[in-house]
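Scroll down for the structure; my scribbles are underneath it.
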Amino acid sequence: MFVLMLAALGSSAYTFAGKARSGELNPVEQVDAAAARGELASAQYVLGIVESQLAQVKTLSGSYGGTLQFDKFPLVTLVRADESSYCVEFEKTHVFRLEGPGGDVVPGSC
């Protein structure tokens, strides 16, 4: 049992040293990637709420361009909206967009 644990520890140390020598071990990139994933999750959540609000606006006014108050969503900008479609952006450190109705949250601007 002890020999197996020692072998596993040696193997992980060898892998770690190899990545450190080759430059693949970059904690800054790992933190940036984790932050981007977290921000994407936030964008999906917030833009999902905005999407449902825009659907209500469409039902009540016949257009996505109706009056939706974005003061409750300070990171969200309505870029365009008309009778049949809209595009909203979520921006914190990265920009994500949702083109709807029925779109997905993806990186980039409208």
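Read-outs throughout are calculated quantities, based only on the coordinates presented, and are distinct from any laboratory measurement. Please read these numbers as outputs of a predicted model, since none were measured by experiment. FYI the Cβ positions are ideal-geometry reconstructions off the backbone, even for glycines, and counts take in every protein chain you see.
Count Lys and Arg as plus one, Asp and Glu as minus one, and take only other residues whose Cβ is under 15 Å from that of Val105; the net charge is then -3. Label sites at Val95 and Arg37, each approximated as a point 7 angstrom past Cα along Cα to Cβ, lie 2.6 nm apart. Put a dot 7 Å past the Cα of Thr59, heading toward its Cβ, do the same for Lys72, and the two dots end up 1.5 nm apart. With a sphere of radius 14 Å drawn around the Cβ of Ala43, what net charge do the other residues whose Cβ falls strictly inside it have (Lys, Arg +1; Asp, Glu -1)? Net local charge, Ala43 excluded: -3.
If you take all other residues with their beta carbon under 12 Å from the beta carbon of Leu68, and give Lys and Arg +1 and Asp and Glu -1, the sum is 0. Each Lys and Arg adds +1 at its Cβ and each Asp and Glu adds -1 at its Cβ; summed about the Cα centre, segment 32-110 shows a dipole of about 120 debye.
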